[in-house]
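Below is one structure, written out as structure tokens, with a few remarks after it.
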Amino acid sequence: MTVPRTGEVAVRLDEVSKAFDDVVALDDVSLELEAGTMLALLGPSGCGKTTVLRLVSGFEQPDAGNVEVSGRWVASATSMVPPERRRVGLVFQDLALFPHLSVRDNVAYGIRRDRDHAGRTDELLELVGLAGDGPRMPHQLSGGMQQRVALARALAPRPDVLLLDEPFSSLDQAMRTQLRVEVRQILREARQSAIFVTHDQGEALTMADKVAVMKRGRVLQVAPPEVIYAEPATPYVATFVGVANLVPAEVSDGVADTPFGRVPLIGGEGRPDDGHALCLLRPEHFTILEAPDGPASSGGWDVIDRRFSGSEILLELRASDGQRLWVEAGSRVRHLGLGDRVGVSLRDIETVAFGRRGSTDAVSLSAPASGPEGATAQTGTPR
Amino acid sequence: MTILATTQRAIPRVSSRPTRPPIPLLLLAGLVALLALVPLVYLFVRAIDGGLDAFAPLLRPRTLELIVSTVTLGLAVIIGAVGVGVPLAWLGVRTDLPARRVWSILAIAPLAVPSYLLAFAFVGAFAPRGWMTTLLESLGAAMVPSVYGFGGTVLVLSLATIPYVVISTRAALMRLDPATEEAARSLGRGPWAAARTAVVPVIVPAVGAGALLACLYAISDFGAVSILRYDTLATAIYSQYRFSFDRSGAAALALLLLSFALLLVWAEGRVRRRAALATPHGRKRVPEPVKLGHWRWPAIAFSAVIATLSLGIPVVTIALWLGDGLMRGVELEVGLEALRDSLVLAGSAALLAVVLAVPLAHLVVHFPGRWSTLTERLLYAVYAIPGISLALAVVFFTLGAVPALYQTLFALILAITLRYLVQSVGALRGPMLQVSPRTVEAARSLGEGPVGVLRSVTLPLLRPGLVAGATLVLLSGLKELPLTLLLAPPGTSTLATELWDAAREAFYAQAAIPAALLLGISFISVGLLVRRGEVEI
């Protein structure tokens, strides 16, 4: 692998579709991975993210469209390059280590023809911190160690692209967090182009340079994590990543008129036309006022739920008309809890709104605040 | 003999801290061990009875010939069983072969057909003027090769042992994670290289374990080799015992065969543990079946030929005998009498086995540790000992130590019980796992006394295991040949011995009814195994 120049494309999917029997797994998906960067495919199970990996690695063939790896065509509906000739490395969800081979032989499996395969194997074992474990068998290793072997094995032939399929899903929480950091560091240092699949938004946001949010075989948005969070393209993305309040608003002239006041909208092509819209307000967009009826307050709210996640506290509020709202409690109001009555006011922010157009997956207006599924507090906001 | 405890041993035990088993349980396990081991010790005692001279027969050229013929048979059967069994397993698991399930059941069905029955049916079909011979000759075959001797024996025993290889290989193929093969592909190997380096090595231990079972079966076999007139250690032991004055010679040969068998059991255990390690994770995803395309016709033909040989031939042959016998007015009573005696014998053994199995399964499941492992190994070893060796051991033991038991029904029932005890313990394992001490404590805390707990919790939970355990031993006992042949009281005839006598005199019509009953019993056994999920289809 030559160190990729910025701007080169490591993987390109061009209007790719794939169905299994009658189930559409990918529907006209176009996607690019910039060389030397990491892309996360994020979405619920069954959204087609694993299918993308299997198309790139060559274990499935597209029904339509083209797949390219490092600028070379590898697959279309009529023919394809077999997996072994694609220079695409894979870390499988269940690892799939060769149970009959030692750690060393597993890592060396893909590079036996290289002249310096022994040296390269040592180097990789060193890299993943398993220098002394070469002679051991996979079943003698812990889950985290097996994970490292799988990574070293995939990296050994210096693949143009590395694909990771939910690579940490079988590990416990502590090990997962640790390995995430390690793997990211290893891939960064090698400037390794990589795509990984996850349904864990925290994993996607912390590890990737760009995140592609998928739903039902379509890519809803591809963008850097901060953009995904701050400027989601659809209400679905807004609620899937982080905690979102979607409140009804009237848009005119780039400003949304919400029940909490007027909010300027971020410019760009995603900005809705004038008229009815749903405005995204994140919990940290609000300030909590202990005096519910103060001059800046938007009505009185009851605290009905409280979620503590170490670094922050989220409060779920309910207005007298039944409307609900997730709001972040700042350091001054950490003592607030169930039964307290508070006011809220909007900070000085810019946000996005979703108009009628393109809102096929809009959250209905009668339930403006996203439910708990979008509000999983432990991964609610990027850390 | 049948060996089918292979999948039962794969059930993981409940992990719990090691507890000392209660003394009564240990005493019972010790008693069972004593009953099983003492006759074997007696075999040794009897062999060295006449001083070291007794081992002189082992040094005769004739003995060397027998060893060679036995080992040759074992190796040839391995080749036959693996050569057919592995492709059958692969077709059944990994391809889109039409009616895969049916072919898979047909491939393992011969498991429960006793070898002597298969051998006798082959004699009936392929002997001069047998129906297959006539058929082949009418089709223009110049000369049908003799069914007797090495070739016929290898054929029949391979057919009988294919299921062991199929079951073992199937299990490994089914557990194999398709991602392993894909990992090899993504690391630069083509389809064939990926199969060779990532799939074959994982399957080999499982195939090896099946092959060793096939070999064990072949060298231990007594019925088929006798009927097909191929001399092995097993036949020599019998003729030494029956027709020679020197019975210690028979004991020495029986010991020799026993050591071969134990060596194979030990090797099989080792290989199987490796096979288990080789597939540590369960399968996460069902692989896409290999599309056979036009190859499906040869694949169907191959499966059909094997099923015809191992099942079609016995069924047709026995049906023809039955028709012939009915026309000639063969006495039905003989067969029914034999059935009655067989049922009494095997039924008693089944009951006794279940009574012993409950405490033993309790020991094995709830007190994992040195003692329970030892008990399990011993039960399996007794099961795997060649029937003819075990039979001879019991003969010498009763003659020498307790003459009052010599050739009594009680000794025979006890021998059958001990031999097949592992089956009923295995059947009780799963249910016993559910009767945890916690379950019992829960019932006690809800106001049931010890007897009430037994009635309302323990027995209902164990019932399926009790029924299955008894049935397995019953079916095995009905088919048992060498033990019955050597230990049955004079005048007692069972289905197996009836068939044996008929086979000796090539009196086919007389064999019809016992043969038909035995075949029916065999198929019930297969159905039971498949239904209980001991064979994964």
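The values are calculated or read from the model by the stated rules, or taken from the named source; none is laboratory data. Worth saying up front: this structure is predicted, and the values here are computed from it rather than measured. Positions of Cβ are generated from backbone atoms using ideal geometry, with glycine treated the same way; all protein chains shown enter the neighbour counts. Protein only, heavy atoms only, side chains kept; ligands, DNA and RNA dropped before computing areas. Shrake-Rupley method; radii C 1.70, N 1.55, O 1.52, S 1.80 Å.
Points to keep in mind about this one:
- Listed by first and then second residue, the pairs with beta-carbon distance under 7 Å, at least 6 apart or on different chains, first residue in the range B:139-165 and free of Cβ contacts under 8 Å to residues at least 60 places away in the same chain, second of a type in the set (D, E, K, R), are B:144/B:137.
- Long-range neighbours under 7 Å by Cβ, at least six apart or interchain, first residue closer than 17 Å to residue B:63 by Cα and free of Cβ contacts under 8 Å to residues at least 12 places away in the same chain within the range B:217-235, second open to solvent by less than 10 Å² (accessible area, probe 1.4 Å) and of a type in the set (Lys, Arg): none
- Residue check, residue B:324 among the acidic types (Asp, Glu), open to solvent by less than 70 Å² (accessible area, probe 1.4 Å) and under 23 Å from residue B:131 (Cβ atoms): yes
- Only listed residue being within 28 Å of the chain's Cα centre (by Cα), at pLDDT 90 or above, crowded, with 21+ Cβ neighbours inside 10 Å and not in a loop (DSSP other than H, G, I, E, B), chosen from B:253, B:257, B:263: B:257
- Hits in the range A:209-231 (condition: crowded, with 24+ Cβ neighbours inside 10 Å and touching a residue at least 60 places away in the same chain (Cβ under 8 Å)): A:211, A:212, A:213, A:214
- Scanning the range B:418-461 for residues that are among the hydrophobic types (A, V, I, L, M, F, W, C) and surrounded by fewer than 22 Cβ atoms within 10 Å (Cβ to Cβ) yields a total of 11.
- A residue that is out of contact with any His (no Cβ under 8 Å at 6 or more places or on another chain), part of a loop (DSSP other than H, G, I, E, B) and open to solvent by 10 Å² or more (accessible area, probe 1.4 Å) occurs nowhere in the range B:199-218.
- Residues in the range A:110-126 that are away from chain B (no Cβ under 14 Å) and at pLDDT 90 or above: 6 in all.
- Where helices (runs of 4 or more DSSP H) fall entirely within the range B:21-96, those with at least 1 residues that are touching a residue at least 12 places away in the same chain (Cβ under 8 Å) and touching a His at 6+ places or on another chain (Cβ under 9 Å) are at B:23-47.
- A single member of A:100, A:139 is closer than 25 Å to residue B:175 by Cα, surrounded by fewer than 17 Cβ atoms within 10 Å (Cβ to Cβ) and either away from chain B (no Cβ under 13 Å) or not β-branched (Val, Ile, Thr) (or both), and it is A:139.
- Set side by side, the residues A:206, A:234 differ, and just one is over 20 Å from residue A:125 (Cα atoms), over 10 Å from the mean Cα position of the chain (by Cα) and in contact (Cβ under 8 Å) with a residue 60 or more places away in the chain, which is A:234.
- When each of A:107, A:67 is tested for being more than 9 Å from every other protein chain (Cβ to nearest Cβ), more than 15 Å from residue B:183 (Cα to Cα) and surrounded by 19 or more Cβ atoms within 10 Å (Cβ to Cβ), the lone residue that passes is A:67.
- Only one of B:322, B:392 that is touching a residue at least 40 places away in the same chain (Cβ under 8 Å) and farther than 30 Å from residue B:264 by Cβ: B:322
- When B:98, B:128, B:114, B:163 are screened for being of a type outside the set (Gly, Ala, Ser) and more than 20 Å from residue B:224 (Cα to Cα), only B:98 passes.
- Selection status of residue B:404, open to solvent by less than 60 Å² (accessible area, probe 1.4 Å) and either in a helix (DSSP H, G or I) or farther than 23 Å from residue B:523 by Cβ (or both): no
- Total residues in the range A:312-358, condition over 28 Å from the mean Cα position of the chain (by Cα), at pLDDT below 85 and surrounded by 15 or more Cβ atoms within 10 Å (Cβ to Cβ): 2
- Taking the range A:127-136 as the range and being loosely packed, with under 15 Cβ neighbours inside 10 Å and either in a helix (DSSP H, G or I) or within 12 Å of chain B (Cβ to nearest Cβ) (or both) as the test, the residues that pass are A:131, A:132.
- Selected residue (only one of A:39, A:26 is part of a strand (DSSP E or B), away from chain B (no Cβ under 14 Å), modelled with pLDDT of 95 or more and crowded, with 17+ Cβ neighbours inside 10 Å): A:39
- Residues of the range A:248-307 satisfying the condition of being in contact (Cβ under 8 Å) with a residue 40 or more places away in the chain, more than 17 Å from residue A:345 (Cα to Cα) and open to solvent by 50 Å² or more (accessible area, probe 1.4 Å): A:270, A:271, A:273, A:276, A:307
- The combined condition, being over 22 Å from the mean Cα position of the chain (by Cα) and modelled with pLDDT under 90, is fulfilled by residue B:124.
- Selection from the range A:83-142 of residues that are polar (S, T, N, Q) and more than 17 Å from residue A:179 (Cβ to Cβ): A:102, A:106, A:121, A:140
- Subset of the range A:154-182 that is among the charged types (D, E, K, R) and either surrounded by fewer than 19 Cβ atoms within 10 Å (Cβ to Cβ) or part of a helix (DSSP H, G or I) (or both) - its residue that is farthest from the chain's Cα centre (by Cα): A:158
- Selection count, the range B:160-218, where residues are within 14 Å of chain A (Cβ to nearest Cβ), under 25 Å from residue B:261 (Cα atoms) and out of contact with any Ser or Thr (no Cβ under 8 Å at 6 or more places or on another chain): 3
- Residue check, residue A:53 in contact with a helix residue (DSSP H, G or I) (Cβ under 9 Å, 6 or more places away or on another chain) and surrounded by 15 or more Cβ atoms within 10 Å (Cβ to Cβ): no
- Each residue in the range B:65-119 was checked for being open to solvent by less than 10 Å² (accessible area, probe 1.4 Å) and in contact with a strand residue (DSSP E or B) (Cβ under 9 Å, 6 or more places away or on another chain), and 1 pass.
- Hits in the range A:51-64 - residues which are within 14 Å of another protein chain (Cβ to nearest Cβ), over 21 Å from residue A:36 (Cα atoms) and outside any loop (DSSP other than H, G, I, E, B): A:51
- Residues (facing chain B (nearest Cβ under 8 Å) and assigned to a loop (DSSP other than H, G, I, E, B)) located in the range A:70-96: A:82, A:86, A:93, A:94, A:96
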